[in-house]
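Can you keep this structure in mind? I'll have questions shortly.
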Amino acid sequence: MILFELRCSGQHQFEAWFKDGAAYDSLAAAGQLNCPVCGDARIEKALMAPRLAKGRGDALDVKEAMGEVRKVLTAFKRQVKESCDYVGERFPEEARKIHYGDSEARPIYGEATPQEAQDLEEEGVAVQRIPWVSEGN
């Protein structure tokens, strides 16, 4: 059995258990998954944190765990690139414009120095720093 974090097009997040990944894939392809909140059938996997066993008798394979973390971060990076506008080094300026209503509200991503990010946070601008994994490593 495998637990997936899922999200509908209305951004409701929920968990669901499946026999395996293939079972999820076939149900999703057939449109047989529905959001328990709104009934939407447009369901996708949401970003999930890996679950690491560290109890009695469970060995923690650090290399395997790091691989799982990398998969999650790679999937997150792909999702950000697909759903957000890239604004590059103009990120602090564009984030402020959106925050103060001088620009269209939309999800963006780009670069900011640690000081620029801190300044934005202190200003009340909603930003999130994320680890950006490199391609192919």
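Can you tell me which residues in segment 81-137 are in a helix (DSSP H, G or I), in contact with a Pro (Cβ under 7 Å, 6 or more places away or on another chain) and among the small types (Gly, Ala, Ser)? Break it down into steps so the answer makes sense when it comes.
Narrowing segment 81-137 to residues in a helix (DSSP H, G or I): 81-83, 91-99, 114-123.
Now drop any that are not in contact with a Pro (Cβ under 7 Å, 6 or more places away or on another chain), which leaves 83, 116, 120.
Ser83 - this is the single residue of segment 81-137 that is in a helix (DSSP H, G or I), in contact with a Pro (Cβ under 7 Å, 6 or more places away or on another chain) and among the small types (Gly, Ala, Ser).
Another question about this same structure. In segment 1-48, which residues are more than 22 Å from Thr74 (Cβ to Cβ), assigned to a helix (DSSP H, G or I) and of a type in the set (Gly, Ala, Ser)?
Once the filter is applied, which keeps residues that are more than 22 Å from Thr74 (Cβ to Cβ), assigned to a helix (DSSP H, G or I) and of a type in the set (Gly, Ala, Ser), segment 1-48 yields Ala23, Ser26, Ala29.
Working only within segment 77-95, note down all residues that are surrounded by fewer than 16 Cβ atoms within 10 Å (Cβ to Cβ) and out of contact with any Phe, Trp or Tyr (no Cβ under 7 Å at 6 or more places or on another chain).
Arg78, Gln79, Lys81, Glu82, Ser83, Asp85, Gly88, Glu89, Arg90, Glu93 - these are the residues of segment 77-95 that are surrounded by fewer than 16 Cβ atoms within 10 Å (Cβ to Cβ) and out of contact with any Phe, Trp or Tyr (no Cβ under 7 Å at 6 or more places or on another chain).
Need pairs with beta-carbon distance below 9 Å; first residue acidic (Asp, Glu) and within segment 71-90, second exposed (fewer than 13 other Cβ atoms within 10 Å of the Cβ); sequence gap 6+ or separate chains.
Here the result reads Asp85/Arg106; Asp85/Pro107, each pair linking segment 71-90 to a residue that is exposed (fewer than 13 other Cβ atoms within 10 Å of the Cβ).
Another question about this same structure. If I filter segment 14-53 down to residues being aliphatic (A, V, I, L, M), closer than 19 Å to Glu68 by Cα and surrounded by 12 or more Cβ atoms within 10 Å (Cβ to Cβ), which single residue comes out as modelled with the lowest pLDDT?
Residues of segment 14-53 that are aliphatic (A, V, I, L, M), as a first pass: 16, 22-23, 27-30, 33, 37, 41, 43, 46-49, 52-53.
Among the residues that remain, those that are also closer than 19 Å to Glu68 by Cα are: 22, 46-49, 52-53.
Now drop any that are not surrounded by 12 or more Cβ atoms within 10 Å (Cβ to Cβ), which leaves 46-48, 52.
Working: Ala46: 82, Leu47: 70, Met48: 66, Leu52: 57.
Per the criteria, the residue is Leu52.
The values are calculated or read from the model by the stated rules, or taken from the named source; none is laboratory data. As the structure is a computational prediction, the values presented were derived from the model and not from experiment. Note: ideal-geometry Cβ built from the backbone for every residue, glycine included; neighbour counts use all protein chains shown.
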